[in-house]
Amino acid sequence: MNDVTCGMCGEPWEYYYLTHELAEAEKKKVLRGKGCPCCDWGESDRATGEYQTKRVRSIANATDLDPVEYI
Ligand SMILES: [Zn+2]
């Protein structure tokens, strides 16, 4: 499990993809739990926002970032 979970909709994103295929600002939004392209950045019905704990845990597991900065 090397994916970062979207905090809004639960969509898994490969960290490599976030880093190389999204703009830096978009990557930051995913990491900070502001949604992702899949949930229209938190605007779609999919975006329940119930995955924020899972998101922080996924950052700890899938990246070398400090998850504390993304709580
Ligand atoms: Zn999403």
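Throughout, read-outs are computed from the coordinates displayed, never taken from laboratory work. Everything quoted here is computed from the prediction, not taken from an experiment. Cβ placement follows ideal geometry from the backbone for every residue including glycine, while neighbour counts extend to all protein chains displayed.
Annotations for the structure displayed:
- Interchain or long-range residues, amide H under 5 Å from residue 7's placed H: 33, 35
- Evaluating 6.51 cos²θ - 1.76 cosθ + 1.60 at θ = phi - 60° for every residue in region 46-55, the Karplus couplings come out as 5, 7, 8, x, 8, 10, 5, 5, 4, 4 Hz, glycine and proline recorded as x.
- Bridgeable aspartates and glutamates around residue 54 (alpha carbons under 18 Å apart, same-chain partners fewer than 8 residues away excluded): 3, 11, 14, 64, 66, 69.
- Free-standing Cys residues across the chain, given no other cysteine C-beta under 4.7 angstrom: 38
- A simple count of charges around residue 60, restricted to other residues whose Cβ falls under 13 Å of its Cβ and scoring Lys, Arg +1 and Asp, Glu -1, yields -1.
- Order of 38, 9 under a 10 Å beta carbon neighbour criterion, fewest first: 38, 9
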